[in-house]
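What follows is calculated from the coordinates using simple rules that are stated; it is not laboratory data. Computed from a predicted model, the values in this text were never measured in an experiment. Neighbour counts are summed over all protein chains in view; Cβ atoms, including those assigned to glycine, are modelled from backbone coordinates with ideal geometry.
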Amino acid sequence: MTSLDLFPLWLSVRVSVAATLLTLAVGVPLAWLLARRTFTGRDVLASVVVAPLVLPPTVLGYYLLVLIGSQGPVGRLLERAGIELAFTWKAAVLAGCVGSAPLLIKAAQAGFEGVDARLEQAARTLGRSEWSVFWSITLPLAWRSLMAGGILAFCRAFGDFGITLMIAGSIPGRTQTLPLAIYDHVQANQMAEANALSLISLGAVVLVLVGLARLVRLRY
Amino acid sequence: MLAIDISKRLSDFTLEVAWQAGERVTGLFGPSGAGKTATLDCLSGLSRPDRGRIVVGDRVLFDSAAGIDLPPRHRRLGYVFQGYALFPHLTAAENIGYGLRGRPREERRRRTAEVVERLGLGGLERRRPGALSGGQRQRVALGRALAPEPALLLLDEPLSALDAPLRRALREDLSAVLREWGTAAVLVTHDFTEAYRLADRIVVYDRGRVVQAAPRTELLWQPASETVATIMGIRNVLHGTVLKASPDRIQLRWRGYTLEAVNSPTHSYLPAPDSPIAFFIRPEYVRLIRKDRGPADPVHHMNLMSGVVAGEEDFGTTWSLRFRLDAPGPPAQGDHDIEVEVPHLVYEILEIERDRHWEFSIHRGSIHVLPA
Amino acid sequence: MPSPRTTLSRALTALATAALLVTASAGGGAAAEPTLIVFAASDLTFALKELAPAFEQARNVRVTLVFGSTGNLARQIEHGAPADVFFSADQGFLDALAAKQAILTQTRALYAQGRIVLVAAKASGPKLEELRSLLGDRVRRVAIANPAHAPYGRAAEEALRTAGLWEALRPKLVYGENIRHALQYVETGAAEAGIVALSVADVASVHVTPIDPALHAPLNQAAAVVRRSPRPELGLAFLQFVNGPAGRVVMKRYGFLLPGEL
C-alpha cells in the first residue's frame, strides 16, 4: 500500500460542513414556511423539496450538470459573472445540499409542527415580533428535530456519491471527495487503500457527531 | 372600557356579537363552540374579524371601516390561554418576564420580582413549568399576562383542565388575584358556577350570538329566555298557558293547576291570555308541607300541588326528588313533572324514604316566567 | 444542567465557527505547478497510472488522472468539465463531442484497439477453453459490461451473437456498470465467468482465455484534446507520449492492440 493521500478527507469534511450550513440556512426557513404558513403552491413546494430523494443521484446530478454546466442556462449566467461552479469544490457543496435538503427540511418541518402554535400566539400577545417569537420560542422548542435533521444532512452530504460524481467530477486533488476516492480505489483494485479510507470516513463522522453531541448536550 | 362589535364567518356559523365590558370582570358564558374563544382571539388580534370595531379604553384596536388592525404585540392585552400555554423551556421567572422585553434590564428584573412576590411564587423562580403544581402554573400564567400591565386581561377557560377539588380551590385563588390586581378582565367559561363566582357581569353566548348580557344576579334570577335558561342548566323549565297578565303578576295554567307568578321586574312582560308561556321553578325553592302540622291551607300555601316521588337521586348533601303530580295526564318531564331538591337533614326528618306522597307549595316569587 | 437557551447559543456559536473555518480554508489548495487533467476510460486505469509518472518527470508537470465510464466522462466534457485530454474507450463518443465542437478534431488520434477476453474464477474450477464452455453446468452466471452503453459490453454481446451463443446464454447474463464491475462479479465469485477487457483482466483470482477478435467489430479507442483546455499543447504531448515508443510498450503489456499492428 502506497502512502495514503488524505486530501479527500479534508475536502469531504469541508464540503459536508459547508453543505450542512448552507442547507440549514435555506432549509430551516423553508421548513418553517411549510409548517406554519398556508399559501398557494404549498403542497407543490412540499413535494418538490423531497423530489431529490426520488431520482437516482447520478440522474439528478446529470440534470444539475445540464443546468449549471458551461452549456446550461445557470452555468452561462455564472460564467458571465466570472463564477466557476461546475467541477469545483463548490459544486460538491451544491451536490451535498441537494442530497441532504429533503432530510433536513422534513425533520425541521416535523419539529416546527410539533411546537404548540398556542405558545407562539402567547408570545405574540406578550409584545414580541414574529422574528423574536421564532428565536425565543419556536427555535428552542424545535431544537432537537433541527439537530436530528442537521446530523442527517451532514451524513448525507458526507456520503454523497452520485450527485458529486456528476457535477463536481472525481478529479483527484480538487473535487475527489472521500466516497469518490474510495470508489476509485475499489475500481483500481486497491482494496487496502479503499478499506483504510472507509474506516477513516466512519471515524471522521463519528468524531464530528460525538463532538457535536458534547458541545450541545440538551436536556429539559 | 371595552366595546366590541364584530362579525366573523366561522366554519359552522357566523360569529356576530356586540357587547360592552366595564372596569371589572366580564364573563363570556355559553356552551362549548358558541364562539367565546373565537371572540377572545379577535380581541387579542390572533384572528381577524370580517368586519366591526374593537375599542379598549380610548384605543381603537380594530376598525374594519377605518382599516385599523393592530397586531397582537401592540394591543397590550394579557391573554391567559386555556391550559396556560406556559413556555416549557423557560423558568417561572423567565415566563413572567417574557413580556417585559424592550424595557431596561433593571426594570425588567424589578418588575418580575414584584410580580413573583405579589403572586406568592417566591422560591419557585428557577423552576420550569413541568416542575410546578397546577395552582403554581395558574399563578405563573397570570403573572406572565399581568407583568406588562395590560389594559385588559383575557382568560380562556382558565379552570377547565382541572379536576373538581383543585378546580374549586383555583377558582377562589383566581378570584382573589383578579380582585386584588383590579385589572379589567374578560373571562370565557362554559361553567355557570365559574362565571357566577368570578364575573360581575355575564354575557351569554349561543351559536355565535349574544342571547343575554346582564349583571350576574340578574342573570341568575331573570334569564331573558328559555334558551338562556337551558344554557344555564336551569332545571324545571316548564310550559303552560297564560290566564291573565299584569305588570306585577302573571297567572298561568299548568297540568290542571292555576299558578301565580311574579312578573319579571326588569322586562315586565304582558303576554295575551291563552298564549303559551315558559317558566321555571328552582328545585331548591319548592317547599314540602309537613303532615304533623294540620292540613295544608291555600291561604298560607301559595301554588299548592300534590304528587308522589317517582324517582330520587342522592347528591351527597342533598336529595333530588322527581315528583309525579296527582293531576291526570302525561307528566311534563318524561317520568316526572317537577324536580324538588331537599337537604339530607330534611329527607331524614320527614322520612321521605318511607313516605312517598307529599303536598308542596311554591311561593309566587319562585316561579320565574321566561319571555318568549 | 445547561438551559436550552445556553445550548442554543453554544450551538449557534459552533455553527458560526464552522462557517468561518470553511470559508477561510476555501481559497487554498490551488497548485502552483501546471497540472494536466486527463479523463480516461476505466480500461486504461492500470496502463495510464504506470505511464503518468514518466510523463510528469519528462515534462515537469503534474498529471491528474480521472477514470470513469466513457459515456459519463463525455457528458461531463460536453458540459464544461476541466479536462485537457480525453481518452475514450469508443470513438463513437468522440464523434458526438466533435459534433458539439467540444474537442479539437485535428488532435484526434487512435491510440489502441481494445480486446475482450473470457475470464473464469479460479475458485470455480479449471480454465474455460472456449466461449462454448459457458454453456456448461459449472457456469451459472456470466458477467459482462452493460451492452447498452459500455463499449466492451457491446463487443461481448457481438462476439456471443456471432458465436451463436447469445440466446442460449441470455438467462445466465448479469450486467456490470462497466468492465471493472463485470470483473468484480467474477473476482468475488458472484459470477463464475465473464467477458471483460484484457487490459484489466490481469488479476490473480481469474483464468484468462483469449477471444477471437474476428467475432466482433474492432474496439477502436481514440483520444483527443478538449477544446476548452487552457494548455492544449501539453494535452497533445501527453496523447503523443502514450502513442509514442515509451507508451506503446506499456500499452502493449496491458493487452491493447496498437495502431499500426492491426
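For the pair B:Asp335 and B:Phe13, the difference between a 0.36 nm per residue extended length and the Cα-Cα distance amounts to 112.4 nm. Distance from a point 7 Å along Cα→Cβ of C:Gln240 to each backbone N in the range C:60-81: keep the residues under 17 Å and list them by number. Under cut-off, by backbone N: C:60-61.
Taking a sphere under 13 Å around the Cβ of C:Ile77 and counting the other residues whose Cβ falls inside, with K and R at +1 and D and E at -1, yields a net charge of +2.
Spin-label pair B:Asp58-B:Glu313: with each label point 7 Å from Cα along the Cα-Cβ axis, the two points sit 5.4 nm from one another.
Within chain C, the selection of entire DSSP H helices by a Cα span of 27 Å or greater along the long axis and an average Kyte-Doolittle value of at least 0.0 returns C:4-26. Each Cα pair under 8 Å and six or more residues apart adds its separation to the average, and for chain A the resulting relative contact order is 31 percent. Across peptide B:75-82, the mean count of Cβ atoms from other chains lying within 10 Å of each residue's own Cβ comes to 3.
If you take the beta carbon distance between B:Trp221 and A:Val26 as r and set R0 to 60 Å, what does 1/(1 + (r/R0)^6) give as a FRET efficiency, to the nearest 0.05?
Working from the Cβ atoms, E equals 0.40.
Just to verify a number: FRET efficiency for A:Leu215 and A:Leu4, C-beta to C-beta distance, R0 = 35 Å, to 0.05?
Numbers: r = 29 Å, r/R0 = 0.83.
Approximately 0.75, to the nearest 0.05.
Ordering of B:77-90, B:239-252 by packing is B:77-90, B:239-252, highest average first (other Cβ atoms within 10 Å, averaged per residue).
Net charge dipole, chain B: roughly 1560 debye, given to the nearest 20, about the Cα centre with Cβ charges of +1 for Lys and Arg and -1 for Asp and Glu. Rg/Rh for the range A:46-172 (Cα atoms only, Rh after Kirkwood) is 1.13. Taking other C-beta atoms within 10 Å as the exposure proxy, C:Asp90, C:Asp43 rank C:Asp90, C:Asp43 from fewest upward. Sparse packing (at most 16 other Cβ atoms within 10 Å of the Cβ) combined with a DSSP loop state is found for the following trypsin sites (Lys or Arg not before Pro) in the range B:264-372: B:Arg290, B:Arg354, B:Arg356. When you restrict to C-alpha pairs under 8 Å that are six or more residues apart and normalise by the size of the range C:89-160, the relative contact order lands at 22 percent. Bridge orientation summary for chain B: considering DSSP beta bridges with both residues in this region, about 80 percent are antiparallel. Each part reduced to its alpha carbon centroid, the range C:71-126 and the range C:219-262 end up 12 Å apart.
What does the net charge come to around A:Gly149 if you take all other residues with beta carbon closer than 14 Å to its beta carbon, with K and R at +1 and D and E at -1?
Working: positive: A:Lys106, A:Arg144, A:Arg156; negative: A:Glu113.
Overall, the nearby charge balance is +2.
Where both bridge residues fall in chain C, DSSP classifies roughly 55% of the beta bridges as antiparallel. Quick one: angle between helix A:191-215 and the longest Cα principal axis of chain A, in degrees between 0 and 90, rounded to 10, please. For helix A:191-215, the angle is close to 20 degrees. Shielding value for B:40-48 is 2, the average number of Cβ atoms from other chains within 10 Å of each residue's Cβ. For the range C:139-193, the Cα gyration tensor yields ellipsoid semi-axes of 17, 14, 7 Å (square root of five times each eigenvalue, largest first, whole Å). Compare the Cα positions of C:Asn220, C:Pro210, C:Thr162 along the charge dipole of the range C:140-238 (+1 at Cβ of Lys, Arg; -1 at Cβ of Asp, Glu; about the Cα centre) and return the one farthest towards the positive end. So the residue we want is C:Asn220. Dipole magnitude for the range C:109-262: about 300 debye, using +1 per Lys or Arg Cβ and -1 per Asp or Glu Cβ, origin at the Cα centre. In order along the range B:323-338, the phi-based Karplus estimate (6.51 cos²θ - 1.76 cosθ + 1.60, θ = phi - 60°) of 3J(HN,Hα) comes to 8, 10, 5, 6, 4, x, x, x, x, 6, 10, x, 8, 8, 9, 8 Hz; Gly and Pro are listed as x. Rounded to the nearest 10 degrees, the inclination of helix A:89-113 to the longest alpha-carbon principal axis of chain A is 30 degrees. Each stretch of four or more DSSP H residues adds -39500 (n - 2.57); spread over every residue of chain A, this sum gives -24000 deg cm²/dmol at 222 nm.
What the Cα convex hull of the range C:98-216 gives, in volume per residue, is 117 Å³. Distance between the C-alpha centres of the range A:156-182 and the range B:246-283: 91 Å, rounded to the whole angstrom.
Just to compare against my own numbers: the Cα pair-distance distribution for the range B:215-350, 10 Å bins, whole % per bin, please. Reading the bins upward from 0: 10, 37, 38, 14, 1. Once the other residues with Cβ under 14 Å from the Cβ of C:Pro147 are scored (Lys, Arg +1; Asp, Glu -1), what is the net sum? Once positives and negatives cancel, what remains is -1. Here is the list for the range A:133-220: trypsin sites (Lys or Arg not before Pro) lying in DSSP coil, each with at most 15 other C-beta atoms within 10 angstrom of its C-beta, are A:Arg217, A:Arg219. When each of B:Ile277, B:Ile68, C:Ile116 is scored by the number of other beta-carbon atoms lying within 10 Å, the sequence from fewest to most is B:Ile68, B:Ile277, C:Ile116. Taking other C-beta atoms within 10 Å as the exposure proxy, B:Trp319, A:Trp131 rank A:Trp131, B:Trp319 from fewest upward.
Taking the Cβ-Cβ separation of B:Glu172 and B:Asp274 as r and a Förster radius of 56 Å, what is the calculated FRET efficiency to the nearest 0.05?
0.70
How much of the DSSP beta bridge set in the protein assembly as shown is antiparallel, as a percent to the nearest 5?
About 70 percent, rounded to the nearest 5.
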